[in-house]
Amino acid sequence: MSATRFSESVSGSIRDGVLVITIDNAPVNATSAHVRQGLVKAVDHAVAVGTVIGVVVTGAGRTFVGGADIKEFGMPPVEPTLPEVMSRIENCRKPVVAAINGAALGGGCEIALACHGRIAAEAASIGMPEVKLGIVPGAGGTQRLPRLTGTIAAIDLIGSGRTVKPEEALRLGLVDGIATDQMSTAIALARGMASGPLRRTGGIQIATPDASAVDAAAKKVLAKARGQAAPAEAVRLVRAASETSLEDGLADERATFLRLRDSLEAAALRHVFFAERQAGKVSKLEGIAPRMVETVGIVGTGLMGAGIAVAALTAGYRVVGIEQSEDAAAKGRERISGILDKAVQSGRLSDLARTACLDRLQVAADAGRLAAADLVVEAVFDDLTVKTELFQRLDGIVRPGAILATNTSYLNPDEIASATAHAERVVGLHFFSPANVMRLVEVVDCRATAPDVLASALAFAKKLGKLPIVSGVTEGFIGNRIFSAYRREAEFMIEDGAAPDQVDAALETYGFPMGIFNVYDMAGLEIAWARRKRQAATRDPNARYVEIADRLCEAGRFGRKTGKGWYDYSSSEKAVDPAVSVLIEAARTAKGIVPRTFTSGEIVERLLRAMADEGKSLLEEGIAARSSDIDLVMINGYGFPAHKGGPMFVADTYA
Ligand code: 3HC
C-alpha cells in the first residue's frame, strides 16, 4: 500500500481498490490552496487509474476539515476555488465517499455534501457555522444541504450555524451512516456504489416545502439575527434552492459569499473568532502546569453560587457547597437541583447526567468540609469585611495546596489576599450572572497570585466551557470599569438633553440586545447607588457628577422589581414615565443646563468612544493584556454586538 502525494497536504493510498485521500493540514485541515490543488489532482488521479473503483476522502488527526482557511480571506484568489473542487468531486464518474472522522465544518461540510456518500465516526460533528463569521457558505452548502435534508432543516442549520452530532445528522439525512470504523465502512460503501448509478447531491430534486413551515423556520433565524446581514442571506439562498436550478443557485451563493466576506461585519466576526483563540493565553505561564482540581468548594449558594455550582457539576467536578445554616444549605441544594432540572427540561442535560451531577454534590452548613476542596470559590455578599474574614477562616480549614478564589465584582482582591496567610494562593474568578449560562469569566491576576494558581484558575474556567479573560486588579476589573465609563457618558447625555429611551433605542438599533437604562432597571439600581454613596467622600469634587440616578433611588425607584426605575412598569409593557422626565428636567435646571438635541448616531458614537478610551487606559495601565480581550469582555458580558467586533475593534477600524 504505497502512498501518493498530491500536494504538501493531500496524499492518497489504495485500499481494496479504493483511493483513500487524506487531508493533512494542521491544525484543522482547512481548505488552504494546497489542499484544494491536492484534492483536484487526487480525484483526477482516481479517474485516470483504471484499477481504482472509488474514492474515500478523510482528514488526518481529530478533524475532518475545519472549513475554508479563514486566514486566506482577503488575499488574492488562488486556483482552484473551493466550488471548483466541489464540482470535480460531485461530477466524478467514480463514487466518492466522505469518511467524516471529526469536525466537518463550513467548507468541510460542503466537501462531504458534494460526495456521493457520507459515513460519520461517532466523534464527528457537522455544521456550517459561516453565519457566525458574517458570511454564508460559499461552496454549495446552501444549495446542496436542502437537497439532502429538506428546506426547513437547512434553514435551521445554516441560518443558526449550529453544529450537529452524528445521530442528528443521520436523522436529517445529512449522513448515510455512523460507524465506529468509519474508514472501512466508507470503503465498503464506495465499493458498493461502483456498479450502480451515483446519487449526486446537486441532482436531487427538493420536495416542495410547506410554505408556512418555511416561513416559521426563517422567522426563527431572523429573530436572533440582531440586524446582521448573513443569516437573512443564508435563509434567502436556501429558499432559492427549491426554486432555481443548481447552477443559478450556486452562482448566487458564490456572489453573496464574496460580497459578505469583504464586509465590515465579517471582518468584525473574524476578529472575534481569532480574539477568542488568543484569550487566556498568558506568555508568563508558558510551561507552568496547573494544579490538579477535582473538588470545588463554593461558599454561598445564592443565585451566583448556585450558578457556579451547576457549571462545575456539569463539567464533571465534585462540588461542596457551604452555607451558614442547615436551612440555607437545604435551600441551596434545592436551587442547584432546580437549575439542573430546567436544563433537563430544555434538553440540554440528560436525566442520567443530572443524577450524576447530584451524586457529586454536597451542600452543608459545616465549613470544615472544605478540607476536601482543591479550589474554593467564594460567592458571598460583596463586602470587604465579610470576604476577608471568610478567607482568614478558610486558611485554617483548607489543605496547603488549595486555591482560594474570590468572585468579587468591585472589591480589591489584593486587600482580601493580603489579609490571608498565603496571598499567593488567592486569585479572582469573576463570574457573570447567571453563572451557569454566561460564558465570560474575568480571571483576576492579583499582586501575589502564584503563576500556577493563575494557570489553574484559567484551566478551571476553560473546563467549565467558559471564556476566561485575564484582568489585573482595578476597581471593577476590565468589564465594570468600561461599563462605568459608558454609563457616565450616557448620563452626561441625559443631563445635556437626551432621553433615556432615546439612548436605549440608539443602542438597540446598533445591536445591543438592551439599552443601558433598560439594563439598569433589569439589574436593579440599588447596588450601584450604595457604591456611589460609599465613594462619595473620596470622589473628585471637580469631576462632573450626574445626580439623576440618585434621585430615582431616593424616590424608591429601584428598577423593574419595584415597578419603577428609569421606566415605569405598572402595565405589562415598559413605558416612558413623565415623572422621570420631570426629575431629569429638574436636574438640568439645577445645573443651569439648556437641553440640546442628540441624534442616534451621535449617541452611539459618544458611547463607543467612551468605552474605547477607557479600554485604552486599561491597556496603558497593564490591566488588560490585549485590546481584543477588552472586546471579548464587552461582547460576552455586556451585550456588545459581536458583529460589530467590540469597542476597541470599532475604534481601530475607524481610526
Ligand atoms: N481557518 C484558519 N485557521 C483556523 C480555522 C480556519 N477555518 N479554524 C481554526 N483555525 C485555527 C485557529 O485560529 C487556531 O489557531 P492558533 O492555534 O494559532 O490559535 C487553531 O486553528 C486551532 O483552533 P481551535 O483552538 O479553535 O481548535 P479546536 O480544536 O478547539 O477547534 C475547530 C477546532 C472546531 C475546527 C474550531 O477551530 C472551529 O470551529 N473552527 C472554525 C470553523 C469554521 O468557522 N469554519 C467555517 C470557515 S468559513 C468557510 O468554510 C467558508 C466556506 O463555506 C467557503
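The values are calculated or read from the model by the stated rules, or taken from the named source; none is laboratory data. In this text, all values refer to a predicted model and were calculated from it rather than measured experimentally. Quick reminder, even Gly has a Cβ in these numbers, built from the backbone with ideal geometry, and neighbours come from all protein chains shown. Heavy atoms of the whole protein, side chains included, go into the accessibility calculation; ligands, DNA and RNA do not. Shrake-Rupley method; radii C 1.70, N 1.55, O 1.52, S 1.80 Å.
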Quiz item: Taking segment 532-555, which residues are assigned to a loop (DSSP other than H, G, I, E, B) and hydroxyl-bearing (Ser, Thr, Tyr)?
Solution: TYR545
Exercise. Of the numbered conditions (1) in the same structural domain as ARG393 (by TED's automatic domain parsing); (2) part of a helix (DSSP H, G or I), VAL320 fails exactly one; give the number of that condition.
Key: (2)
Exercise. Collect the residues in segment 97-135 that are within 15 Å of PHE64 (Cα to Cα) and among the β-branched types (Val, Ile, Thr), keeping them in residue-number order.
Key: VAL97, ILE100, ILE111, ILE119, ILE126
Quiz item: Within segment 418-440, is there a residue that is modelled with pLDDT under 95, assigned to a helix (DSSP H, G or I) and within 25 Å of ALA625 (Cβ to Cβ)?
Solution: yes
Exercise. Confirm whether VAL582 is open to solvent by 20 Å² or more (accessible area, probe 1.4 Å), farther than 19 Å from ILE482 by Cα, among the β-branched types (Val, Ile, Thr) and in a loop (DSSP other than H, G, I, E, B).
Key: no
Quiz item: For segment 82-171, which helices (runs of 4 or more DSSP H) that fit wholly inside it have 2 or more residues that are among the hydrophobic types (A, V, I, L, M, F, W, C), out of contact with any Ser or Thr (no Cβ under 7 Å at 6 or more places or on another chain) and surrounded by fewer than 22 Cβ atoms within 10 Å (Cβ to Cβ)?
Solution: 151-160
Exercise. Scan segment 24-33 and give yes if some residue there is away from the ligand (no atom under 16 Å from the Cβ), crowded, with 17+ Cβ neighbours inside 10 Å, modelled with pLDDT of 95 or more and over 20 Å from LEU258 (Cβ atoms), otherwise no.
Key: no
Quiz item: For segment 184-204, how many residues meet the condition of being within 36 Å of the chain's Cα centre (by Cα) and over 24 Å from GLU122 (Cα atoms)?
Solution: 3
Practice problem: Can you run down the residue pairs with Cβ atoms below 7 Å, 6 or more apart or on separate chains, where the first is in segment 60-76 and farther than 17 Å from ARG162 by Cα and in the same structural domain as GLY102 (by TED's automatic domain parsing) and the partner is open to solvent by 30 Å² or more (accessible area, probe 1.4 Å) and more than 6 Å from the ligand (Cβ to nearest atom)? | Solution: ALA60/THR22; ALA60/ASP24; GLY61/ALA26; ILE70/ARG270; ILE70/PHE273; PHE73/ARG261; PHE73/ARG270
Self-check item: Flag for GLU334 being within 30 Å of ARG534 (Cα to Cα), assigned by TED's automatic domain parsing to the domain that holds LEU404 and outside any loop (DSSP other than H, G, I, E, B)
Solution: no
Quiz prompt | In segment 29-50, the residues that are out of contact with any strand residue (DSSP E or B) (no Cβ under 8 Å at 6 or more places or on another chain) and more than 30 Å from ILE70 (Cα to Cα) | solution = VAL47, ALA48, GLY50
Quiz item: Is it the case that VAL10 is open to solvent by less than 50 Å² (accessible area, probe 1.4 Å) and under 25 Å from ASP176 (Cβ atoms)?
Solution: yes
Practice problem: Six or more apart or on different chains, Cβ under 8 Å: which pairs go from a residue in segment 568-589 that's assigned by TED's automatic domain parsing to the domain that holds GLY524 to one that's hydroxyl-bearing (Ser, Thr, Tyr) and surrounded by 18 or more Cβ atoms within 10 Å (Cβ to Cβ)? Could you list them? | Solution: LYS574/TYR567; ALA575/TYR567; VAL576/TYR567; ASP577/TYR567; VAL580/TYR567
Practice problem: Test ALA42 against the criterion of being out of contact with any helix residue (DSSP H, G or I) (no Cβ under 6 Å at 6 or more places or on another chain), more than 16 Å from the ligand (Cβ to nearest atom) and modelled with pLDDT of 95 or more, and give yes or no. | Solution: yes
Self-check item: Every pair of residues 6+ apart whose Cβ atoms lie under 8 Å, when the first sits in segment 182-204 and is outside the structural domain of SER87 (by TED's automatic domain parsing) while the second is open to solvent by 30 Å² or more (accessible area, probe 1.4 Å)
Solution: none
Quiz item: Are any residues in segment 259-288 open to solvent by 60 Å² or more (accessible area, probe 1.4 Å) and either more than 12 Å from the ligand (Cβ to nearest atom) or not aromatic (Phe, Trp, Tyr) (or both), and if so, which ones?
Solution: ARG259, ASP262, LEU264, ARG277, GLN278, LYS281, SER283, LYS284, GLU286, GLY287, ILE288
Quiz item: Here are GLY316, GLY321: which of them is of a type outside the set (A, V, I, L, M, F, W, C) and within 17 Å of THR301 (Cα to Cα)?
Solution: GLY321
Quiz item: Within segment 206-221, can you find the residues that are at pLDDT 95 or above and open to solvent by 40 Å² or more (accessible area, probe 1.4 Å)?
Solution: SER212, ASP215, ALA216, LYS219, LYS220
Quiz item: Out of curiosity, is LYS165 away from the ligand (no atom under 11 Å from the Cβ), basic (Lys, Arg) and under 20 Å from the mean Cα position of the chain (by Cα)?
Solution: yes
Quiz item: Of the residues that sit in segment 403-418 and are in contact with a helix residue (DSSP H, G or I) (Cβ under 7 Å, 6 or more places away or on another chain) and touching a residue at least 60 places away in the same chain (Cβ under 8 Å), which one is nearest to VAL299 (Cα to Cα)?
Solution: ASN407
Quiz item: Does segment 83-115 hold any residues that are away from the ligand (no atom under 11 Å from the Cβ) and more than 20 Å from ASP181 (Cβ to Cβ), and which are they?
Solution: GLU84, SER87, ARG88, ILE89, GLU90, ASN91, CYS92, ARG93, LYS94, ALA114
Quiz prompt | Neighbours by Cβ (under 8 Å, 6+ apart or cross-chain): first from segment 621-650, more than 14 Å from LEU264 (Cα to Cα); second open to solvent by 30 Å² or more (accessible area, probe 1.4 Å) and not in a helix (DSSP H, G or I) | solution = ILE623/VAL473; ALA625/VAL282; ASN636/MET438; ASN636/ARG439; GLY637/MET438; GLY639/PRO513; GLY639/MET514
Practice problem: Check ALA485 against each of (1) open to solvent by 40 Å² or more (accessible area, probe 1.4 Å); (2) in the same structural domain as VAL604 (by TED's automatic domain parsing) and name the one condition it does not meet. | Solution: (1)
Exercise. Just one of (1) in contact with a helix residue (DSSP H, G or I) (Cβ under 7 Å, 6 or more places away or on another chain); (2) in a helix (DSSP H, G or I); (3) surrounded by fewer than 18 Cβ atoms within 10 Å (Cβ to Cβ) trips up THR474, so point out which.
Key: (2)
Quiz item: When you go through (1) under 30 Å from ALA450 (Cβ atoms); (2) open to solvent by 60 Å² or more (accessible area, probe 1.4 Å); (3) hydroxyl-bearing (Ser, Thr, Tyr) one by one for THR301, which number turns out not to apply?
Solution: (2)
Quiz item: Between a first residue in segment 1-16 that is in a loop (DSSP other than H, G, I, E, B) and a second residue that is among the basic types (Lys, Arg) and modelled with pLDDT of 95 or more, which pairs have beta carbons less than 9 Å apart while being 6 or more apart in sequence or on different chains?
Solution: MET1/ARG15; PHE6/LYS41; SER7/ARG36; SER7/LYS41; ASP16/ARG191
